[in-house]
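Written below as structure tokens is the structure these notes are about.
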Amino acid sequence: MNRVKILDREFDLSIPEEKLLKAVDQVAERINKDLDGKNPLMICVLNGSFMFASDLMKRLTIACEISFVKLSSYSGTGSTGTVKEIIGLNQDIKDRTVVLLEDIVDTGLTIINTVEQVKQMGPADVRVATMLFKPDACKRDVKLDYVGMDIPNDFIVGYGLDYDGYGRNLKDIYTVVE
Ligand code: IMP
């Protein structure tokens with residue numbers, strides 16, 4: 001399937017599953033090495049990162065836990081723009097090593113806000129693992145500890161990422177046809 005139609009747009013295959021999984025292997029290898037003995041809590045930021053989180057967890061061999069959070073659609077405006085509040089984190093993360101799992105870092109706004117909020121809960125360490133990163137879109141100073149792969153600044157779907165709710169189920173990644 002080299003081209004798919006989702007709603008009103010067409011998308012071309014750009015990153016096959018095999019390549020995505022190799023990138024996940026590499027992220028897992030580094031986390032296994034870095035966080036052995038730290039009992040990290042992985043926090044999957046829904047919805048987009050469910051596939052990355054699942055593939056990553058299967059490759060982690062260290063003792064770890066996972067929790068799932070969502071970001072509220074809107075909750076006021078802060079210095080970096082719209083601040084989305086983390087909801088669903090019922091676990092005490094004080095003095096824990098936390099790894100935020102993101103599908104994609106685009107402008108960087110979401111992850112910067114999320115890290116800020118998590119830090120206020122008193123963890124020992126907060127790290128970020130993102131499957132994808134758009135360096136040309138991200139003009140902010142954002143610390144990404146683990147990046148699956150850098151991608152061009154184009155709109156994509158698949159592997160958990162959606163276009164208006166659709167396309168999350170695609171196992172490969174597709175790029176919009178302009
Ligand atoms: P940021 O705040 O600009 O870094 O955007 C992060 C969020 O925007 C991600 O968690 C995605 O939900 C969404 N997003 C950014 N780029 C894309 C894309 O190319 N396709 C689908 N969703 C995207």
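The values are calculated or read from the model by the stated rules, or taken from the named source; none is laboratory data. These numbers were taken from a predicted model, which means no experiment stands behind them. So basically every Cβ, Gly included, is an ideal-geometry build from the backbone, and we count neighbours across all protein chains shown. Calculation scope for accessible area: heavy atoms of the full protein, side chains included, ligands and nucleic acids excluded. Shrake-Rupley method; radii C 1.70, N 1.55, O 1.52, S 1.80 Å.
Quick look at the values:
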read-out: Restricting the stretch 95-178 to trypsin sites (Lys or Arg not before Pro) in coil, as DSSP defines it, with at most 15 other Cβ within 10 Å; value: Lys139, Arg140, Lys143, Lys171
read-out: Chymotrypsin sites (Phe, Trp or Tyr not before Pro) restricted to the stretch 70-163 and DSSP loop, no more than 11 other C-beta within 10 Å; value: Tyr74
read-out: Those lysines that a straight Cα-Cα span of less than 18 Å connects to Lys70, excepting residues fewer than 8 apart in one chain; value: Lys84, Lys119
read-out: Long-range amide H partners of Ser14 with built H, under 5 Å; value: Ile173, Tyr174, Thr175
read-out: Net charge of neighbours whose Cβ lies under 12 Å from the Cβ of Ile15, counting Lys and Arg as +1 and Asp and Glu as -1; value: -3
read-out: Aspartates and glutamates with Cα under 19 Å of Lys171, excluding same-chain neighbours fewer than 8 positions away; value: Glu10, Asp12, Glu17, Glu18, Asp25, Asp55, Glu102, Asp103, Asp150, Asp154, Asp162
read-out: Dipole magnitude of the stretch 95-178 about its Cα centre (Cβ charges: Lys, Arg +1; Asp, Glu -1), debye to nearest 20; value: 260 debye
read-out: DSSP beta bridge pairing in the stretch 18-151, given as percent antiparallel to the nearest 5; value: 15 percent
read-out: Other-chain or far-sequence residues with amide H under 5 Å of Phe155's (modelled H); value: Val176
read-out: For the stretch 167-178, 3J(HN,Hα) per residue [Karplus equation, 6.51 cos²θ - 1.76 cosθ + 1.60, θ = phi - 60°, Hz, x = Gly/Pro]; value: x, 5, 7, 5, 7, 9, 9, 10, 10, 4, 8, 6
read-out: Carbon and sulfur %, accessible surface of the chain computed with the full protein complex present, 1.4 Å; value: 47 percent
read-out: Interchain or long-range residues, amide H under 5 Å from Leu132's placed H; value: Ile104, Val105, Gly148, Met149
